[in-house]
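Peer 1: There's a structure below that I have some questions on.
We did not get these values from a lab; they are worked out from the coordinates using the rules stated. Just so we're clear, the structure is a prediction, and the values are computed from it rather than from any experiment. Heads up, the Cβs are rebuilt from the backbone with ideal geometry, glycines too, and the neighbour counts pull from every protein chain shown.
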Amino acid sequence: MRYSLSIAALAAAGSAFAQSTIPAYGQCGGQSHTGSSLCVSGYHCNKANDWYSQCVPDSASSVSTSASKAPVSSSLTTVVPKPPVSTSKTGSTPKAVTTTAAAGSPFPTKSGTEFVIDGKQGYYAGTNSYWIGFLTNNSDVDLVMQHIASSGLKILRVWGFNDVTTVPSDGTVYFQSFANGEATINTGPNGLQRLDYVVKSAEAHGIKLIINFVNNWTDYGGMAAYFSYAGITSNAQWYNSTKAQTQYQKYIKAVVSRYIDSPAIFAWELANEPRCTGCDLSTLKTWVVNTSRYIKSIDARHMVTTGEEGFGPIPGDDDSYPYQLSAAGSNFTANCEVSTIDFCTYHLYPESWSVTPTLEWGTQYIKLHAKACSAVNKPCLLEEFGASNNCTIESSWQATALTATGTGADLFWQYGDTLSTGKTSQDGNTAYYGDALYSCLVTNHIKAIDSL
């Protein structure tokens, strides 16, 4: 998720439970940060920006960090900064994917490094609307779907999680509760029935959905919502907690089973931007393998992906922070090679990661990830991207992705519209239906795709 240029950010996920000392590369400060600012021995707290400070080695004079955007709260105004991540290479052998949607099947699939939707193989464009499943007005959902479909966009990524630790009393939508030490999946009218309508409307409008199951960040609960229930205190522990993973898989089964026969599902996504700060590199990789296998055991016809940001070394990289072997335990190339992962995701926020120049660095990031996906014969999905000079920079990135063999689709962050309650959240990257930025990122991009 992403950063806001105008809204004060909350503390990053995993910092809700303050520690006496912060581990290497952990968050140690920033606006609204409530945890400790004391770093482990050999590290000091370095301010990256007003929203994020990080524990870096004493020998380092500066460090690039990530304060990537975050989803907005139920009032559609909250944002969360994110810490940077980098990871390591592996020498695993690429394996074949296991989605079994047959030729002529209504289910989206892939062919080599391209996607196939409704029997048509090629490049696709889409967007993100994390909030659509939390709307309570069906007409608003239909309006969004109608506008997206009429624009030529085909893929919509939505939040399939909404976890709470206290059950709201005002009818607020939530999908899973961890109140009073019990985990309860809400299948009622203010629960998964709201997601039901999103899927129903997507089916009616020909839109394909990416639905994820948990958030790395604290927005809408995230992994942190499991902490008290599972007796843990960090995201790093969440990946290895039997109790947390058992309930996470129960939630996955509850969601997947509802839509297992729906042609509107483009893919199931393990998490939004999974990271494992301070973990051994094998931790997140093992979780990717186990979770994707579990989903495939329930539903072999829909694709599965990770939802990661693309961190880790890639041949030809410049060794800037997103490529380094440090921090958050995620390895894009290793995860991409997992046989039960059908396509690979990466996100792009150079300004949040403090790498420059924004346009050129981002262009190279797209090219290198596309090449890495080509090497394993899977499509890359540029799943989120944003920059302050939205039209000029982001449209250039779209053009690069469109021509870079290996990237099969792109989804800009984020879609905006005017609903019955007013305009949806503007987090600094929102393109509202019908405005000038929307024409730049959608109308012009669809024309370029159609001209291929």
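Peer 1: At a 10 Å Cβ-Cβ cut-off, how would you order TYR123, TYR349, fewest neighbours first?
Peer 2: Details: TYR123 17, TYR349 25.
Result, fewest neighbours first: TYR123, TYR349.
Peer 1: Charges at C-beta only: +1 for Lys and Arg, -1 for Asp and Glu. How large is the resulting dipole of the stretch 238-305 about its Cα centre, in Debye rounded to 20? Mind dumping the intermediate values first?
Peer 2: Working: 9 positive and 5 negative charges, 40 e Å.
In debye, rounded to 20, the stretch 238-305 gives about 200.
Peer 1: Further question: Please state, to two decimals, what the Cα-based radius of gyration of the stretch 109-450 comes to when divided by 2.2 N^0.38 Å (N = residues). Please list the in-between numbers first.
Peer 2: Details: Rg = 18.9 Å, N = 342, 2.2 N^0.38 = 20.2 Å.
With N residues counted in the stretch 109-450, Rg over 2.2 N^0.38 Å equals 0.94.
Peer 1: Now for a separate question. If the reach is capped at under 12 angstrom between alpha carbons, list the aspartates and glutamates near LYS285, excluding any in the same chain fewer than eight residues apart.
Peer 2: Cα-Cα hits under 12 Å: GLU308, GLU337.
Peer 1: What does the extension gain come out to for SER228 and TYR432, with contour length at 0.36 nm per residue minus their alpha carbon separation? Walk me through the numbers on the way to the answer.
Peer 2: Working: separation 204, 0.36 × 204 = 73.44 nm, distance 3.84 nm.
The SER228-TYR432 span can extend by a further 69.6 nm.
Peer 1: Name the residue farthest towards the positive end of the dipole of the stretch 221-276 from the options PHE227, SER257, ASN272, assuming +1 on Cβ of Lys and Arg, -1 on Cβ of Asp and Glu, about the Cα centre.
Peer 2: PHE227
Peer 1: Sort ARG275, ARG194 by Cβ crowding within 10 Å, fewest neighbours at the top. Before the final figure, lay out the partial values.
Peer 2: On the way: ARG275 30, ARG194 22.
Lowest to highest Cβ neighbour count: ARG194, ARG275.
Peer 1: Using 18 Å as the Cα-Cα cut-off, could you pick out the over-long pairs in LYS120/LYS154; LYS110/LYS208; LYS110/LYS250; LYS154/LYS200; LYS200/LYS378; LYS120/LYS208? Could the numbers behind the result be given before it?
Peer 2: On the way: LYS120/LYS154 12 Å; LYS110/LYS208 14 Å; LYS110/LYS250 27 Å; LYS154/LYS200 15 Å; LYS200/LYS378 29 Å; LYS120/LYS208 13 Å.
Pairs exceeding the cut-off: LYS110/LYS250; LYS200/LYS378.
Peer 1: Let me ask something additional. Say R0 is 51 Å: what FRET efficiency, to the nearest 0.05, do THR443 and LYS250 get from their beta-carbon distance?
Peer 2: Working: r = 43 Å, r/R0 = 0.83.
Computed FRET efficiency for THR443 and LYS250: 0.75.
Peer 1: Between GLN364 and ASP319, what is 0.36 nm times their sequence separation minus the Cα-Cα distance? Round to one decimal in nm.
Peer 2: Values: separation 45, 0.36 × 45 = 16.20 nm, distance 1.23 nm.
Taking 0.36 nm per residue and subtracting the Cα distance, the gain is 15.0 nm.
Peer 1: Shifting gears a bit: Residues of the stretch 191-215 with the amide nitrogen closer than 19 Å to a label point 7 Å from the Cα of VAL167, along Cα-to-Cβ, please.
Peer 2: Once the point is set 7 Å along Cα→Cβ of VAL167, 191-195 turn out to lie under 19 Å by backbone N, inside the stretch 191-215.
Peer 1: With just the Cα atoms defining each centre, how far is the stretch 239-262 from the stretch 329-372? Give it in Å.
Peer 2: After rounding, the separation between the Cα centres reads 27 Å.
Peer 1: Oh, and also: To make sure I understand, if each residue's beta carbon is the centre and we count other beta carbons within 10 Å, what order do TYR346, TYR432, TYR321 fall in, fewest to most? Numbers along the way, then the final one.
Peer 2: Values: TYR346 27, TYR432 16, TYR321 19.
Placing the least packed residue first, the sequence is TYR432, TYR321, TYR346.
Peer 1: Full-extension gain between THR421 and THR286, please, as 0.36 nm times their residue separation minus the C-alpha to C-alpha distance.
Peer 2: Details: separation 135, 0.36 × 135 = 48.60 nm, distance 4.30 nm.
Gain on extension, THR421 to THR286, equals 44.3 nm.
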